[in-house]
Amino acid sequence: MMRRIVAGLLATALPLTAQAATTGEEDAMVINRLNASDFEVVETRSMGATDFWCGAGTFVERRSGLPGTTPIYLKRPRGPSSSTPGRKAVVFSTSGAGLPAPQGQTSISVVRPGSMLKSNVARSFCRDAFTRATK
């Protein structure tokens with residue numbers, strides 16, 4: 001009986017621990033607002049496409065307080081940072097104005113301007129990164 005209670009407590013606590021642990025990593029990301037709708041995720045280590053999208057989702061939901069259904073558009077692919085000299089960054093926007101229409105995506109990248117993900121999908125990559133890092 002005691003084993004079942006302990007197993008039940010662990011089963012409910014571990015997902016909370018994993019999610020809480022990602023917030024520290026999300027807080028450490030360098031993300032700078034460029035104007036009312038644009039922001040850039042600055043590369044701080046060897047970052048892949050999902051890391052940049054994670055940063056975009058974090059900025060929209062946690063730092064801007066917008067809902068998880070907010071669309072995030074890729075505005076400028078990885079290149080020189082506008083806000084942090086000497087660094088690379090990806091520019092995202094909450095506005096699709098002036099960007100090509102989003103097309104169906106078969107893979108996640110930070111190459112094609114106009115690519116769009118909802119912020120909750122983008123932020124799900126933060127949890128995936130934490131899961132991969134702890135295996």
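The values are calculated or read from the model by the stated rules, or taken from the named source; none is laboratory data. From a predicted model like this one, the values you see are computed outputs, not experimental measurements. As a convention, Cβ positions derive from the backbone with ideal geometry for all residues, glycine included, and neighbour counts pool all protein chains shown.
Per-structure values
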quantity: Subset of segment 68-91 [more than 11 Å from Ser119 (Cα to Cα) and buried (at least 19 other Cβ atoms within 10 Å of the Cβ)]; calculated: Leu74, Lys75, Ser81, Ala89, Val90, Val91
quantity: Every residue from segment 111-134 that is modelled with pLDDT of 90 or more and over 21 Å from Arg63 (Cα atoms); calculated: Val111, Arg112, Pro113, Gly114, Ser115
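A quick yes/no check of all residues on (1) assigned to a loop (DSSP other than H, G, I, E, B); (2) polar (S, T, N, Q):
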position	(1), (2)
Ala56	no, no
Thr69	yes, yes
Ile72	no, no
Lys75	no, no
Ser82	yes, yes
Pro85	yes, no
Val91	no, no
Pro100	yes, no
Ile108	yes, no
